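Undergrad: My structure is below; once you've seen it, I'll send some questions.
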Amino acid sequence: MLKKIEEALAAYCRRTGRAFERPEVVMFDMDGILFDSMPLHCVAWKNVCDEYGIQASRDEFYATEGRTGASTIDMLCRRQFGRAATEEEVKEIYARKCELFKQLGEPPLIAGARDVIDAVLAGGSVCVLVTGSGQRSVLDRLDREYPGAFAPEMRVTAFDVKRGKPDPEPYLIGMEKGGAQPWTAIGIDNAPLGVESSSKSGAFTIGVRTGPLEEGSLLASGADIEINSMTECAKIVSQLLLI
Ligand code: MG
């Protein structure tokens, strides 16, 4: 086994107080893990902010990635207007953001993501989706682009959670759906808030830097191992399935 993985497993054991066992469930974030959609999301968020008179920079949305749309809109309203977002604002702004996102075209797939899924399925384990997204246009593409990977009952989306990432709730629901304990579950996420959520859930957490994050930022958010691509992730997951 690669030294990097051995070290990560030792760190996991220190962090959680028990050894990681063969993974029964592998949980995938969606944006930035399955689809290279973050650049488009950032443009859509910036554009909707411009329309509603909210000051924001395009890149700041990489930092809020993983939050539900409602939580992001509430944060923006508090910052700009000094008050919480109303329910109507959340509905309207999120619907408009989704519309603007859709107009930007379909995001490409992340290279290597299918290899990770295939490794999981070949190992007899289960793939679970754990996303903060409620973007129907992307969720509806899952069956087309990743056929056979995520059964309908194995999906956690913005519609299933109360608190959302960085709270551990979404990943805890994910392992419950897959019937796994934290020490038999892997979480794969590209965003600091998503990594924090997975790490707090007790899952072995792989942080994949597919966006413009500084090296080490996912380790700092609680990842047990930080890598640069889903191609590398496929090798690591294959090794972990041999435990
Ligand atoms: Mg993501």
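The values are calculated or read from the model by the stated rules, or taken from the named source; none is laboratory data. Not measured: the values here are computed from a predicted model. Cβ placement follows ideal geometry from the backbone for every residue including glycine, while neighbour counts extend to all protein chains displayed. Ligands, DNA and RNA are stripped out before the accessible areas are found, and what is left, the full protein with its side chains, is counted by its heavy atoms. Shrake-Rupley method; radii C 1.70, N 1.55, O 1.52, S 1.80 Å.
Undergrad: Can you confirm whether Y94 is among the hydroxyl-bearing types (S, T, Y), within 16 Å of the ligand (Cβ to nearest atom) and under 24 Å from the mean Cα position of the chain (by Cα)?
TA: no
Undergrad: Right, something else. Looking only at the stretch 203-231, count every residue that is within 19 Å of C13 (Cα to Cα) and surrounded by fewer than 22 Cβ atoms within 10 Å (Cβ to Cβ) and tell me the total. Step through it out loud before you land on a result.
TA: Residues of the stretch 203-231 that are within 19 Å of C13 (Cα to Cα), as a first pass: 203-207, 218-226.
So of that shortlist, the ones also surrounded by fewer than 22 Cβ atoms within 10 Å (Cβ to Cβ) come out as 219-220, 222, 226.
The total comes to 4.
Undergrad: Please specify each residue of the stretch 44-72 satisfying the condition of being in contact (Cβ under 8 Å) with a residue 24 or more places away in the chain, more than 16 Å from the ligand (Cβ to nearest atom) and under 22 Å from Q103 (Cβ atoms). Can you show your working first?
TA: The initial filter retains those residues of the stretch 44-72 that are in contact (Cβ under 8 Å) with a residue 24 or more places away in the chain, namely 44-45, 47-49, 51-55, 59, 62-72.
Of the ones still in play, those that are also more than 16 Å from the ligand (Cβ to nearest atom) are 47-49, 51-55, 70.
If the condition is that a residue be in contact (Cβ under 8 Å) with a residue 24 or more places away in the chain, more than 16 Å from the ligand (Cβ to nearest atom) and under 22 Å from Q103 (Cβ atoms), then N47, V48, C49, E51, Y52, G53, I54, A70 are the ones that fit.
Undergrad: I110 - would you say it is at pLDDT 95 or above, more than 29 Å from C13 (Cβ to Cβ) and either surrounded by 15 or more Cβ atoms within 10 Å (Cβ to Cβ) or touching a helix residue (DSSP H, G or I) at 6+ places or on another chain (Cβ under 6 Å) (or both)? Step through it out loud before you land on a result.
TA: Working: at pLDDT 95 or above: yes; more than 29 Å from C13 (Cβ to Cβ): yes; either surrounded by 15 or more Cβ atoms within 10 Å (Cβ to Cβ) or touching a helix residue (DSSP H, G or I) at 6+ places or on another chain (Cβ under 6 Å) (or both): yes.
In short, yes.
Undergrad: So, one more: For the stretch 138-152, how many residues are away from the ligand (no atom under 16 Å from the Cβ) and closer than 21 Å to A44 by Cα?
TA: Number satisfying all stated conditions: 1.
Undergrad: Now for a separate question. With the structure loaded, tell me whether K165 is in contact with a helix residue (DSSP H, G or I) (Cβ under 6 Å, 6 or more places away or on another chain), of a type in the set (K, R) and part of a helix (DSSP H, G or I) or whether it fails that test.
TA: So K165 does not fit the description; no.
Undergrad: Being more than 16 Å from the ligand (Cβ to nearest atom) and either open to solvent by less than 20 Å² (accessible area, probe 1.4 Å) or touching a residue at least 12 places away in the same chain (Cβ under 8 Å) (or both) is the filter here, so list the residues in the stretch 10-42 that pass it.
TA: If the condition is that a residue be more than 16 Å from the ligand (Cβ to nearest atom) and either open to solvent by less than 20 Å² (accessible area, probe 1.4 Å) or touching a residue at least 12 places away in the same chain (Cβ under 8 Å) (or both), then A11, Y12, R15, T16, R18, A19, F20, E21, R22, P23, E24, V25 are the ones that fit.
Undergrad: Here's something else I'd like to know. Residues in the stretch 118-150 that are under 25 Å from Q239 (Cα atoms), more than 15 Å from the chain's Cα centre (by Cα) and surrounded by 18 or more Cβ atoms within 10 Å (Cβ to Cβ): how many?
TA: Counting residues in the stretch 118-150 that are under 25 Å from Q239 (Cα atoms), more than 15 Å from the chain's Cα centre (by Cα) and surrounded by 18 or more Cβ atoms within 10 Å (Cβ to Cβ) gives 6.
Undergrad: Let me ask something additional. Name the one entry in E196, E232, E226 that is in the same structural domain as T16 (by TED's automatic domain parsing), touching a Pro at 6+ places or on another chain (Cβ under 8 Å) and under 20 Å from L34 (Cα atoms).
TA: E196
Undergrad: Let me ask something additional. Out of I206, I225, which single residue is in contact (Cβ under 8 Å) with a residue 60 or more places away in the chain and closer than 22 Å to R114 by Cα?
TA: I225 is the lone residue from the list that is in contact (Cβ under 8 Å) with a residue 60 or more places away in the chain and closer than 22 Å to R114 by Cα.
Undergrad: Can you pull out the residues in the stretch 197-220 that are within 12 Å of the ligand (Cβ to nearest atom) and farther than 24 Å from I243 by Cβ?
TA: Taking the stretch 197-220 as the starting set, the residues that turn out to be within 12 Å of the ligand (Cβ to nearest atom) are 197-198, 207-211, 213, 218.
R209, T210, G211, L213, listed by residue number.
Undergrad: Which residues, counting only those in the stretch 127-174, are aromatic (F, W, Y) and more than 20 Å from P108 (Cβ to Cβ)?
TA: F159, Y171
Undergrad: For D224, are the conditions met, namely being within 23 Å of K102 (Cα to Cα), of a type in the set (D, E, K, R) and away from the ligand (no atom under 16 Å from the Cβ)?
TA: In short, no.
Undergrad: Then there is this: I'd like the residue in the stretch 165-196 that is within 13 Å of the ligand (Cβ to nearest atom) and farther than 20 Å from I117 by Cβ and, out of all such residues, is surrounded by the fewest Cβ atoms within 10 Å (Cβ to Cβ).
TA: Among residues in the stretch 165-196 that are within 13 Å of the ligand (Cβ to nearest atom) and farther than 20 Å from I117 by Cβ, the one surrounded by the fewest Cβ atoms within 10 Å (Cβ to Cβ) is L193.
Undergrad: Can you tell me which of K97, K102, K91 is over 23 Å from L193 (Cβ atoms) and of a type outside the set (A, V, I, L, M)?
TA: On inspection, the qualifying residue turns out to be K102.
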